[in-house]
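Read the figures in this text as sums done on the coordinates, not as results from a lab. None of the values given here were measured: they were computed from a predicted structure. FYI the Cβ positions are ideal-geometry reconstructions off the backbone, even for glycines, and counts take in every protein chain you see.
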Amino acid sequence: MAYSLPQPIRLKRPAARSADAASHWHATRILVALLYLAYCLTQAYMNMPTNLYSELSLGPYASEHELKQQYRHFARIYHPDKTGHEHEGRFLRLQSAYAILSDPLQRFAYDRFGPDAVTWRNLSSMREFLVQGLGVLLATHFQLFAMQMLAWLTRGANSRSAGAGTHWGILLQLVLFLFQMDLILKGSSSGWLNYLHGWTVYEVVSLTVQNFAPFLLVMEHCATSLLRLFDSGSRSHFQFGTTKTSSMPSVAPNRELNSEIASLLQEEATTLHQAQRQIQLMAGAVLQLERKVLQDCSVVIKTDGLSHTQQAPEIDTKSQSPNAQAET
């Protein structure tokens, strides 16, 4: 797609299996991964059910007076005695929303743990709701941790990898758990909700849990490609214009190429990608040596040609001198 854009922003198409093509592939991989994460977040947000505050056209920070005033306003509009049965469903939803939000205990539970918390029975204090809700959150994170352990047993992990089953994935889950705990314990006073106006604590927690696995997948792909770009990529691999690129593999500068060859050849290739990379670097080194030899040969040929042209007049004068003496 980037190769068919208008000329000022069109990327030059690199040669196949070259270092430029590898850099383009890794950059495309990062872009696709980020677009996938944006798609997952958008889908989760679009499929999120409407909260009770939206039924009353209010935000989570609404006071008790605002709740009562807004409920009375909508009740006068949608009451069945005035509209008949046409808006009866709307009026019942308004009644249910106001009944929950006007009760401080149920509102506390709903804001932090969602609609399911309203159905919890035999709980009579905020502390009991908090203990019950945190138990549900811990069970959810235990399932996520079990998923990461399964991924670790399946493929293993190393210090340069990222994603599910790695120490980076476990660290990310720990950060996510602490973030959710801060939201639940502080509630509307948490500074994070200032950036998410109109969201309840439960909605933020639910959205982050739903997209934890896609985020791990995106982190894995982005980290792998970023490491490749930092190791062997270059800004010169991304050139704009319409000029045709050479079909020969791109040749890195001497120091950069030599350092890459030395670092890659120190260990045996374990994957097909590493073997292909070693072959590309060796081919680049051979081409670089060939160009250097051709340049040196051209300099020698030019030098010899100049010396021959300077000696030619002297030879002519020597060959003509006997004839000139005979004529004299």
- Task: With a point put 7 Å past each Cα toward its Cβ, work out how far L287 is from K186 in nm, to one decimal.
- Result: 5.5
- Treat every Asp and Glu Cβ in the stretch 64-142 as -1 and every Lys and Arg Cβ as +1, leave all other atoms uncharged, and give the resulting dipole magnitude about the Cα centre to the nearest 20 debye. 80
- Fully extended, how many nm does the chain gain between Q143 and L34 (0.36 nm per residue separation, minus their Cα-Cα distance)? 36.7 nm
- Query: Using r as the Cβ-Cβ distance of E88 and S54, and R0 as 22 Å, what FRET efficiency do you calculate, to the nearest 0.05?
  - Reply: 0.70
- Query: With each pseudo-label sitting 7 Å past Cα toward Cβ, what's the T119-Q43 distance in nm, one decimal?
  - Reply: 2.5
- Can you tell me how much longer the chain between V175 and L105 gets when fully stretched, taken as 0.36 nm per residue apart minus their C-alpha distance, in nm with one decimal? 22.3 nm
